[in-house]
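Each remark here refers to the structure printed beneath this line.
The values are calculated or read from the model by the stated rules, or taken from the named source; none is laboratory data. Note that the coordinates shown come from a computational prediction; the quantities given were computed from them, not determined experimentally. As a convention, Cβ positions derive from the backbone with ideal geometry for all residues, glycine included, and neighbour counts pool all protein chains shown.
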Amino acid sequence: MKTIGKTILAAGLAWAGAAHAVFEPGEKIVVLNSGDGSISIVDPVSRQEEKRVPVGKEPHHLMATPDSKELIVANAASNDLVFLDPRTGDILRRVPGISDPYQIAYSPDRKWFVSASNRLDRVDIYHAGTFELAKRLALAKVPSHIAFSADSKLAFVTLQESNEIVAIDLDSQEVLWKMATGKQPAGIWMTPDDRHLLVGITGESHLEIYDWRARKMVKRILTGLGAHNFVAKGDGRHVFLSNRMANTISMVDQQTLEVKETFSVPGGPDCMEVTKDGKQLWTTARWVRMLTVVDLETKKVLHRIPVGKSPHGLYFQSHAPRQ
């Protein structure tokens with residue numbers, strides 16, 4: 001028993017040392033609990049939820065402001081944005097009157113703030129500096145996720161229940177074109193070379209790759225049932241895709257457009273973050289109220305941290321580069 005106790009203590013000390021090396025002192029992890037309208041503030045060293053704070057109705061996605069000074073939480077059913085301290089998760093301010101913000105994104109030139117209104121079947125384009133509404137575009141069913149061309153000319157949005165991708169010209173703020181996809185397209189990702197769009201087909205088991213300039217699909221790659229959302233590994237080449245129903249995560253090579261490996265992560269993996277040293281992947285486990293930590297060398301689950309109901313988006317400041 002003493003040997004077991006020493007082993008557990010040594011493992012705990014090793015984790016604490018690693019966490020201190022990756023995360024800044026006092027830094028916290030923010031998890032959005034979309035099912036109970038709260039955020040969980042998690043300490044990465046102790047691997048514990050420190051507190052759970054009401055934030056609004058149906059917080060699904062979040063992102064840092066372009067200057068990284070604030071973290072924006074989009075409350076879809078409360079019709080507002082809540083701004084947090086990105087390091088601690090403390091609430092700083094609230095911007096009301098943002099209609100049904102499910103997924104949110106800034107254009108690369110920081111001129112536009114785009115909101116996909118999942119419930120209301122439209123995309124809203126706001127002036128990024130003031131959050132003044134510039135244009136409201138009625139679309140087909142369930143706008144979901146957003147990506148941009150590198151020059152900020154186009155925004156691409158998946159339409160989850162009409163099985164399409166739509167391209168929006170941000171200069172004219174009109175729909176430029178639509179393309180049919182597989183069943184329930186969700187996550188959408190632009191490759192670093194600005195050549196291809198990757199689309200997670202949540203209603204099926206694959207990733208679709210589009211040459212968006214030619215407006216055609218060039219490849220379909222099997223990943224796992226419920227192919228859903230993306231995060232960059234941070235090496236400029238690979239991106240992770242969560243397969244929510246298969247309980248797996250796939251790593252995709254953005255140059256060869258191939259799946260390099262797929263590993264098991266139970267509980268319905270959804271949104272993800274990668275630590276700045278590239279050694280750990282953290283993901284919300286949507287079905288089991290957990291935040292899961294994966295060792296990217298062994299592809300094994302290291303820890304599971306209880307959080308709130310239906311955890312969705314997550315963020316920590318010491319993340320890997322976004323490409």
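Specify which of the listed residues (GLY234, GLY278, GLY267) is under 16 Å from the mean Cα position of the chain (by Cα) and modelled with pLDDT of 95 or more.
So the residue among GLY234, GLY278, GLY267 that is under 16 Å from the mean Cα position of the chain (by Cα) and modelled with pLDDT of 95 or more is GLY234.
Considering every residue within the range 108-122, establish whether at least one is among the β-branched types (Val, Ile, Thr), in a loop (DSSP other than H, G, I, E, B) and under 25 Å from THR65 (Cβ atoms).
Checking the range 108-122: not a single residue is among the β-branched types (Val, Ile, Thr), in a loop (DSSP other than H, G, I, E, B) and under 25 Å from THR65 (Cβ atoms).
Mind listing whichever residues of the range 137-161 are closer than 16 Å to GLN103 by Cβ and without any contact (Cβ under 8 Å) to a residue 24 or more places away in the chain?
LYS141, GLU161, listed by residue number.
Quick one: in the range 72-98, of everything that is in a strand (DSSP E or B) and among the basic types (Lys, Arg), which residue is surrounded by the most Cβ atoms within 10 Å (Cβ to Cβ)?
ARG94
From (1) at pLDDT 95 or above; (2) in contact with a Leu (Cβ under 8 Å, 6 or more places away or on another chain); (3) not in a strand (DSSP E or B), pick out the condition that doesn't hold for SER144.
Condition (3) is where SER144 drops out.
Are there strands (runs of 3 or more DSSP E) fully within the range 174-284 with at least 3 residues that are under 22 Å from ASN163 (Cα atoms) and out of contact with any strand residue (DSSP E or B) (no Cβ under 9 Å at 6 or more places or on another chain)? List them.
The strands (runs of 3 or more DSSP E) meeting that bar number zero.
List every residue pair whose Cβ atoms lie under 7 Å apart, where the two residues are 6 or more positions apart in sequence or sit on different chains, the first residue falls within the range 173-187 and is in contact (Cβ under 8 Å) with a residue 40 or more places away in the chain, and the second residue, located anywhere, is of a type in the set (Lys, Arg).
GLN173/LYS135
Sort out which residues of the range 287-307 are part of a loop (DSSP other than H, G, I, E, B) and surrounded by fewer than 22 Cβ atoms within 10 Å (Cβ to Cβ), and write them in order of number.
Of everything in the range 287-307, those that are part of a loop (DSSP other than H, G, I, E, B) and surrounded by fewer than 22 Cβ atoms within 10 Å (Cβ to Cβ) turn out to be TRP287, VAL288, ARG289, LEU296, GLU297, THR298, LYS299.
Is there any pair linking a residue in the range 88-99 that is free of Cβ contacts under 8 Å to residues at least 60 places away in the same chain to one that is outside any strand (DSSP E or B) and aliphatic (A, V, I, L, M), with Cβ under 9 Å and at least six apart or on different chains, and which?
The qualifying pairs are ILE91/VAL55; SER99/LEU120.
May I ask you to say which residue of LYS69, LYS57 is more than 28 Å from VAL294 (Cα to Cα), free of Cβ contacts under 8 Å to residues at least 40 places away in the same chain and in a loop (DSSP other than H, G, I, E, B)?
Criteria check complete, one pass: LYS57.
Suppose we keep only residues that are among the charged types (D, E, K, R) and in a strand (DSSP E or B) within the range 147-173. Which one would you say is surrounded by the most Cβ atoms within 10 Å (Cβ to Cβ)?
Restricting to residues being among the charged types (D, E, K, R) and in a strand (DSSP E or B), the top hit is GLU164.
Tell me, please, whether a residue that is at positive phi, acidic (Asp, Glu), surrounded by fewer than 20 Cβ atoms within 10 Å (Cβ to Cβ) and without any contact (Cβ under 8 Å) to a residue 40 or more places away in the chain can be found in the range 115-123.
yes
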